[in-house]
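The values are calculated or read from the model by the stated rules, or taken from the named source; none is laboratory data. Just so it is clear, the structure is predicted and the values come from calculations on it, not from any experiment. Cβ atoms come from the backbone with ideal geometry, glycine included; neighbour counts cover every protein chain shown.
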Amino acid sequence: MHVTYMIVLDASTIILLGKINLLETFGLTFSGRVLISEKVRDGISIKETEENPLIVKLIEDEKIRVSKVNPVRNSSGALNPAGVILKSNPAAEQRGIISNGVKNGKLIKKLMDDFNIEIGEAETIVLALQEKALIVATDDRNAIRACKILKTDFTTAIAILIRAFEKNLIDKDEALIKLRKLDSVARYRREIVEDARGRIEGGDGHVNKNT
């Protein structure tokens, strides 16, 4: 049986990849489907930034596909971690199983309230659960915390940059230039940036399976 892998991108990661000119490479080389939610698409469309025309073009060319969050989500589509919703105490990581007929709108609202995230980030997570996506791409700190508690795999722009280098999509010099640019526009902790620099400077483009 053929399985189509999916990744759902949040606006934060799309914008950062666009700023370092890596979004198109990522969109063209990812072996599965690259998805964004409608709210993320709408938010990006109104921004007037240097990278915006490329992002819009990738959406128009369906290299990045816009997918709708369904109003109601059935438990038949809920696999771990998709069948999980936080109770009132997210810090304690208490969970309850989503029942039949749960409304995704309520889940989006709960994620927004519990984790102090915007609707685009919440929709991204719910869309990933709905579509049983392989991974969520987000650079929003609170959205990352939500992914960790929901046990949903996630990645970030800096991890995608490292992976692109390890897969020989970009060479070492280009990777370091993009890392410097990313460091100047993002809010990564210093140790994360230095770890990325060490992996690039010490690597030869081989694939590291731990990324």
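Any chance the range 19-33 includes a residue that's in the same structural domain as ILE108 (by TED's automatic domain parsing), assigned to a strand (DSSP E or B) and surrounded by fewer than 21 Cβ atoms within 10 Å (Cβ to Cβ)?
The initial filter retains those residues of the range 19-33 that are in the same structural domain as ILE108 (by TED's automatic domain parsing), namely 19-33.
Then keep just the ones that are assigned to a strand (DSSP E or B); that gives 33.
Narrowing the set further to residues that are surrounded by fewer than 21 Cβ atoms within 10 Å (Cβ to Cβ) leaves 33.
Yes, some residue in the range 19-33 is in the same structural domain as ILE108 (by TED's automatic domain parsing), assigned to a strand (DSSP E or B) and surrounded by fewer than 21 Cβ atoms within 10 Å (Cβ to Cβ).
Run down GLU24, GLU48 and say which single residue is of a type in the set (Asp, Glu) and modelled with pLDDT of 90 or more.
On inspection, the qualifying residue turns out to be GLU24.
Out of the range 37-66, which residues are of a type in the set (S, T, N, Q) and assigned to a loop (DSSP other than H, G, I, E, B)?
THR49
What is the one condition in (1) under 22 Å from the mean Cα position of the chain (by Cα); (2) assigned to a helix (DSSP H, G or I) that ILE177 does not satisfy?
Failing condition for ILE177: (1).
Looking at this structure, is THR13 of a type in the set (Ser, Thr, Tyr), buried (at least 18 other Cβ atoms within 10 Å of the Cβ) and either at pLDDT below 90 or closer than 18 Å to LEU161 by Cα (or both)?
yes
For the range 16-28, give me the residue count where each residue is over 19 Å from SER67 (Cβ atoms) and in contact (Cβ under 8 Å) with a residue 40 or more places away in the chain.
Result for the range 16-28: 6.
Counting only residues that are under 21 Å from LEU169 (Cα atoms) and more than 13 Å from the chain's Cα centre (by Cα), how many does the range 31-45 have?
Residues in the range 31-45 being under 21 Å from LEU169 (Cα atoms) and more than 13 Å from the chain's Cα centre (by Cα): 2 in total.
Enumerate the pairs (first residue in the range 174-194 and outside the structural domain of ILE15 (by TED's automatic domain parsing); second residue anywhere and at pLDDT 95 or above and outside any helix (DSSP H, G or I)) with beta-carbon separation below 6 Å, excluding pairs fewer than 6 apart on the same chain, so at least 6 apart or on different chains.
Hits for this filter: LYS178/ILE20; LYS181/ILE20; LEU182/ILE20.
Where the second residue is in a helix (DSSP H, G or I) and among the acidic types (Asp, Glu) and the first is within 20 Å of GLU121 (Cα to Cα) and lies in the range 29-53, which pairs have Cβ atoms under 8 Å and are six or more apart or on separate chains?
So the pair list comes out as LEU35/GLU131; SER37/GLU123; GLU38/GLU123; LYS39/GLU123; VAL40/GLU123.
Looking at the range 6-14, can you tell me whether even one residue there is acidic (Asp, Glu) and in contact (Cβ under 8 Å) with a residue 12 or more places away in the chain?
Yes, some residue in the range 6-14 is acidic (Asp, Glu) and in contact (Cβ under 8 Å) with a residue 12 or more places away in the chain.
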